[in-house]
Amino acid sequence: MKKPVFLLLLFLVQMVCSQTYTVLDSVQNEPISYATISFGNGNGTFADADGNFRFSKKWYPDIDSLYVSALGHKELALSTQSLPDKILLIEDVSELVEVYITAEKKKKYKTRRITPEIHNDYFRCWLPTVESEIAVFFPKNPEKPTKIAAVYLPVKVESSNRNSSRGQSFSTLFKMQFYGNDRGFPGKRLPYEDIIFTVNNTDKSNFELDISEHRVYIPKEGVFVSIQVLGYADKEGKLQQAKKYHEVETRKGIVKVSTTFRPLLPFTNKINGYKTFTRRVFFKNRTWQRFDREYSENNNLIKNNDTNYGMGLKLHLYEEE
């Protein structure tokens with residue numbers, strides 16, 4: 001059977017065997033985009049832009065509970081035996097108190113660039129999965145109000161498989177978020193909206209994301225800029241609903257292995273210090289870990305001192321009045 005026909009049949013089977021659920025705000029009754037759906041065992045998925053996600057006991061026979069969460073809302077635990085079609089999340093007032101209202105500064109500014117570190121070595125790249133979020137720290141200029149105008153994201157779009165055709169098409173949805181600095185670790189999430197963007201196989205290795213309209217200003221303690229994969233996008237740019245991991249049979253039993261996505265993220269040894277952190281978003285504690293030898297002594301990137309993702313920034317430094 002030809003591969004395209006097989007994939008089409010597999011997609012149709014998934015459609016038939018699964019049901020669509022919608023995550024809504026309990027007050028506004030509006031969809032919550034890209035809500036996190038955790039299975040409580042380190043795996044999970046995301047709702048799409050319309051708050052929809054698919055779930056089936058045939059897909060996930062060992063899952064008995066779902067944990068649904070989103071910024072500004074209380075996490076909700078649900079039994080998979082009686083999932084409602086519409087899942088209502090209650091606002092969390094403690095997360096909604098602090099809001100940044102920033103008028104665009106009509107003042108002169110100077111542009112400063114923090115150059116990204118780019119390379120094309122597959123074996124020095126992070127393989128993105130939906131379970132991992134990566135955050136990079138950037139300090140603030142101590143004297144001037146500083147806005148992030150753009151983020152430079154090094155990417156590697158080609159596969160390492162020499163037998164695969166170059167330029168194989170893909171389109172991947174990412175989410176960008178911002179965190180305060182809590183004694184050198186990513187702290188409280190800053191109240192800026194999620195920035196959803198797409199990287200595909202035609203993009204350059206120095207992917208530039210213009211975020212100037214979001215008016216993200218760096219706090220005096222510095223900021224952590226994070227990215228995480230949501231999954232592959234379809235031809236219309238919507239998040240594909242598919243399993244984000246697969247089962248591998250080992251001597252110790254069935255092991256769940258997270259699906260890796262393209263593009264790959266080049267890590268580097270040319271940045272001083274440990275400025276990159278990662279965490280697993282589907283675990284309830286979601287603890288951040290510095291990407292160093294305490295994170296893992298067996299990780300090949302760490303062994304080679306490629307301990308930082310080479311993210312860069314374009315900054316607007318405003319003159320004081």
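The number of residues in region 222-240 being open to solvent by less than 60 Å² (accessible area, probe 1.4 Å) and either within 18 Å of Asp48 (Cα to Cα) or within 15 Å of the chain's Cα centre (by Cα) (or both) comes to 12. In region 121-142, the residues that are assigned to a strand (DSSP E or B) form Cβ pairs under 7 Å with partners that are open to solvent by 60 Å² or more (accessible area, probe 1.4 Å), at six or more places apart or across chains, as follows: Ser132/Arg280; Val136/Lys275; Phe137/Lys275. In the set Glu221, Glu213, only one residue is under 30 Å from Asp292 (Cα atoms), not in a strand (DSSP E or B) and not small (Gly, Ala, Ser); that residue is Glu221. Just so you know, in region 16-68 the residues that are outside any loop (DSSP other than H, G, I, E, B) and without any contact (Cβ under 8 Å) to a residue 24 or more places away in the chain include one that is least open to solvent (accessible area, probe 1.4 Å), and it is Pro31. Residues in region 299-321 that are under 24 Å from Arg113 (Cβ atoms) and of a type in the set (Asp, Glu) were compared, and the one that is most open to solvent (accessible area, probe 1.4 Å) is Glu320.
Scanning region 106-136 for residues that are of a type in the set (A, V, I, L, M) and surrounded by fewer than 20 Cβ atoms within 10 Å (Cβ to Cβ) yields Ile114, Ile118, Leu127. Determine if region 93-102 includes at least one residue that is among the charged types (D, E, K, R), under 20 Å from Val281 (Cα atoms), surrounded by 13 or more Cβ atoms within 10 Å (Cβ to Cβ) and modelled with pLDDT of 90 or more. Looking through region 93-102, none of the residues is among the charged types (D, E, K, R), under 20 Å from Val281 (Cα atoms), surrounded by 13 or more Cβ atoms within 10 Å (Cβ to Cβ) and modelled with pLDDT of 90 or more. Within region 189-221, the set of residues being closer than 20 Å to Thr115 by Cα and open to solvent by 50 Å² or more (accessible area, probe 1.4 Å) comprises Lys204, Ser205, Asn206, Glu208, Asp210. No other residue among Ile211, Ile195, Ile218 is free of Cβ contacts under 8 Å to residues at least 60 places away in the same chain, touching a strand residue (DSSP E or B) at 6+ places or on another chain (Cβ under 8 Å) and among the hydrophobic types (A, V, I, L, M, F, W, C) apart from Ile195.
Any chance you could count how many residues in region 249-298 are within 30 Å of Ala77 (Cβ to Cβ), open to solvent by 80 Å² or more (accessible area, probe 1.4 Å) and in contact (Cβ under 8 Å) with a residue 40 or more places away in the chain? Going through region 249-298 one residue at a time, the tally reaches 2.
Residues that are assigned to a strand (DSSP E or B) and open to solvent by less than 50 Å² (accessible area, probe 1.4 Å) were ranked within region 69-78; the one that is nearest to Thr198 (Cα to Cα) is Ser69. For Val155, the conditions (1) at pLDDT 95 or above; (2) farther than 24 Å from Ile196 by Cα; (3) open to solvent by less than 60 Å² (accessible area, probe 1.4 Å) all hold with the exception of (2). Residue under question is Ala242, and the condition is that it be touching a Ser or Thr at 6+ places or on another chain (Cβ under 6 Å), under 30 Å from Asp62 (Cα atoms) and either modelled with pLDDT under 90 or not acidic (Asp, Glu) (or both); does it hold? Against the criterion (touching a Ser or Thr at 6+ places or on another chain (Cβ under 6 Å), under 30 Å from Asp62 (Cα atoms) and either modelled with pLDDT under 90 or not acidic (Asp, Glu) (or both)), Ala242 does not qualify.
Condition check for Pro186 on (1) surrounded by fewer than 20 Cβ atoms within 10 Å (Cβ to Cβ); (2) at pLDDT 95 or above: one failure, at (1).
The values are calculated or read from the model by the stated rules, or taken from the named source; none is laboratory data. This one's a predicted model, so the numbers in the text were calculated from it and none came from an experiment. A quick note on method: Cβ atoms are made from the backbone with ideal geometry, for glycine too, and the neighbour counts reach across all protein chains shown. Remember, those area values only see protein heavy atoms, side chains included, never the ligands or the DNA or RNA. Shrake-Rupley method; radii C 1.70, N 1.55, O 1.52, S 1.80 Å.
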